[in-house]
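Below you'll find the structure, written out as structure tokens, and then a few comments.
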Amino acid sequence: MIKLFKTKKKKSSSEPTKKSSFGNWLVGLLNGNILTKEETVQHLPYLLFLTLLALIYIANGYYAEATVRGLNKADNELKELRSEYITTKSDLMYKSKQSEVAKMLEARGIGLKETLEPPKKIVVSKDKFKD
């Protein structure tokens, strides 16, 4: 009859037991032996490239944060300047009213007074106005 199940060979105690592949890799990494393997040396340019990409990615993140911070600062400064402009403009409009100008001149004692008579129109005929 055909054997359906294969029997496993038992390991003898004289054969050395292998550590797991992860354990070998970890020991090689800690010893530094993994860096001397030829496979690792062949992949070194690619690993350096990946490291460079990671550094560029981190630097780009910091640059973006700095740019956003600068934009927020400029936006706040713009709001402050706009409010200052509106306040200054309203003060100027108030101070340039005719009644306010008259009060300022009276307070300073310059001697200028507001005329109560309307301005008069001077009419000159064309025949008197010859060059």
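The values are calculated or read from the model by the stated rules, or taken from the named source; none is laboratory data. This structure is a prediction, so every number in the text was calculated from the model and none was measured. Cβ atoms come from the backbone with ideal geometry, glycine included; neighbour counts cover every protein chain shown.
How many of the residues in segment 39-89 are polar (S, T, N, Q) and either under 30 Å from LEU29 (Cβ atoms) or outside any helix (DSSP H, G or I) (or both)? Can you show your working first?
Filtering segment 39-89 for residues polar (S, T, N, Q) gives 40, 42, 51, 60, 67, 72, 76, 83, 87-88.
Next, only the ones that are either under 30 Å from LEU29 (Cβ atoms) or outside any helix (DSSP H, G or I) (or both) stay: 40, 42, 51, 60.
Residues in segment 39-89 being polar (S, T, N, Q) and either under 30 Å from LEU29 (Cβ atoms) or outside any helix (DSSP H, G or I) (or both): 4 in total.
State whether one or more residues within segment 58-78 are basic (Lys, Arg) and modelled with pLDDT of 95 or more.
yes
Can you report the number of residues in segment 1-40 which are hydrophobic (A, V, I, L, M, F, W, C) and modelled with pLDDT under 75?
The number of residues fulfilling the criteria is 6.
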